Amino acid sequence: MKVSIIGRKVVLRDNFKELVAKKLSRFDRIFEEDAEAKTVVTLEKNRQTVEITIRSRGMIYRAE
């Protein structure tokens with residue numbers, strides 16, 4: 001699975017990126033190798049959100 005991590009208004013540390021890759025590696029047994037996972041971390045005032053979008057076989061799976 002291809003994983004991309006984007007930080008909006010926040011600087012992401014390497015250990016956070018490694019943790020995201022480790023957590024998303026659990027989905028390797030469900031999705032094929034050509035699946036794409038996009039992770040967006042946003043910081044607005046005191047609110048932090050993490051959005052994960054996985055695209056595989058024409059389907060889109062999304063979580064926030």
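The values are calculated or read from the model by the stated rules, or taken from the named source; none is laboratory data. A quick note: this is a predicted structure, and the numbers were derived from the prediction, not measured. Heads up, the Cβs are rebuilt from the backbone with ideal geometry, glycines too, and the neighbour counts pull from every protein chain shown. Keep in mind that these areas ignore ligands, DNA and RNA; they rest on the heavy atoms of the full protein, side chains included. Shrake-Rupley method; radii C 1.70, N 1.55, O 1.52, S 1.80 Å.
For the chain, the carbon plus sulfur part of the accessible surface works out to 48%, probe radius 1.4 Å. Three semi-axes describe the equivalent ellipsoid of the chain; taken as square roots of 5 times the Cα gyration tensor eigenvalues and ordered largest first, they are 22, 13, 8 Å.
From helices alone, the chain scores -5000 deg cm²/dmol at 222 nm; the rule is -39500 (n - 2.57) for each run of n ≥ 4 DSSP H residues, then divide by the residue total.
The angle between the Cα long axis of helix 14-24 and the main principal axis of the chain comes to about 30°, on a 0 to 90 degree scale. A 1.4 Å probe run over the chain, with the rest of the protein chains in place, finds 84 Å² accessible per residue.
Model label sites at E51 and S25, defined 7 Å from Cα along the beta-carbon direction, differ in position by 2.7 nm.
Over all other residues within a Cβ to Cβ distance under 14 Å of I5, the charged ones net out to +3, with Lys and Arg as +1 and Asp and Glu as -1.
Where both bridge residues fall in the chain, DSSP classifies roughly 65% of the beta bridges as antiparallel.
Amide H to amide H, with H built 1.01 Å from N, V3 comes under 5 Å of A37, counting only residues 5 or more places away or on other chains.
Couplings for segment 35-50, taken from phi via the Karplus curve 6.51 cos²θ - 1.76 cosθ + 1.60 with θ = phi - 60°, read 5, 10, 10, 10, 10, 10, 10, 10, 10, 10, 6, 9, 10, 10, 10, 10 Hz in order; Gly and Pro are left as x.
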